Amino acid sequence: MTQPILDISIPISHHMICWPGDPPVSVERTLDVCCGDPATVSFLKMGSHTGTHVDAFSHFKATGKSLSTMDLSPYIGPALVVEIEDPEKITLGELQRNPSFLDLRKAERVLFKTVNSAREWYQQPFNEHFCHLNPHAADFLIELGVKLIGIDYLSVEAFHAKTLYQAEAPTHHRLMDAGVYILEGLNLKDVKAGWYELICLPMRLENGDGAPARAVLRPTSPLKA
């Protein structure tokens with residue numbers, strides 16, 4: 001029996017929310033068969049970090065790899081969805097006592113389902129206090145050998161990171177310095193904690209600092225220790 005495919009991407013539309021300061025999204029119909037044109041064609045305008053997207057290392061690192069040179073394999077394979085209770089941040093303490101901790105120790109791809117998904121964040125105004133990944137929790141995941149981290153908001157980083165952690169984008173820098181891939185803007189509202197197969201491919205933008213992506217999950221069996 002074919003396993004169901006769970007689409008964990010958010011729809012791209014002209015009224016979607018974007019990170020403050022990023023280019024807004026515009027979807028304009030330029031040709032339309034309903035108006036007598038031979039085909040329907042739309043003009044798209046958006047930033048490279050729109051909606052469900054990946055970050056290239058060059059997004060924050062001057063000498064970091066762009067999408068053109070990053071390996072695609074971390075975007076495809078077994079992934080663990082971990083539910084987080086803390087409404088503000090993903091902390092080291094919660095990871096260590098999380099029901100998924102034993103699985104977390106053998107996961108290469110981790111997707112965090114937080115209160116963001118419960119709020120259907122992509123249909124709401126931008127929330128400066130979204131649940132984010134604490135830098136110390138990021139260090140712990142790096143130590144575990146995680147290769148990709150995904151989160152259900154537009155950034156793994158706190159909007160007020162400099163105030164909270166006295167540093168510019170500390171979570172991004174720690175993950176990127178360790179070669180950990182970042183997937184942001186997920187919709188995990190209808191996804192339960194557990195193991196899945198992740199399939200996520202970003203747009204092939206030459207020298208891209210990031211790109212929108214279509215991310216899906218298929219249920220799979222738990223990995224053996």
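Every read-out reported here was derived from the displayed coordinates using simple, explicitly stated rules and does not represent laboratory data. Computed from a predicted model, the values in this text were never measured in an experiment. Heads up, the Cβs are rebuilt from the backbone with ideal geometry, glycines too, and the neighbour counts pull from every protein chain shown.
Remarks
- Charge tally in the Cβ shell below 15 Å around residue 60, where Lys, Arg are +1 and Asp, Glu are -1, residue 60 excluded: -3
- Using alpha-carbon coordinates, inclination of helix 135-144 to the longest axis of the chain, degrees: 80
- Too-long pairs where the Cα-Cα distance tops 25 Å, listed order kept, from 45/162; 65/147; 65/192: 45/162; 65/192
- Burial ranking of peptide ranges 81-92, 197-208, 118-129 (average Cβ count within 10 Å, highest at the top): 81-92, 197-208, 118-129
- Footprinting exposure proxy for 61, 113 (fewest neighbouring C-beta atoms within 10 Å first): 61, 113
- Here the Gaussian network model covers the chain, with springs between Cα atoms less than 10 Å apart; of 148, 183, 95, 95 fluctuates the most.
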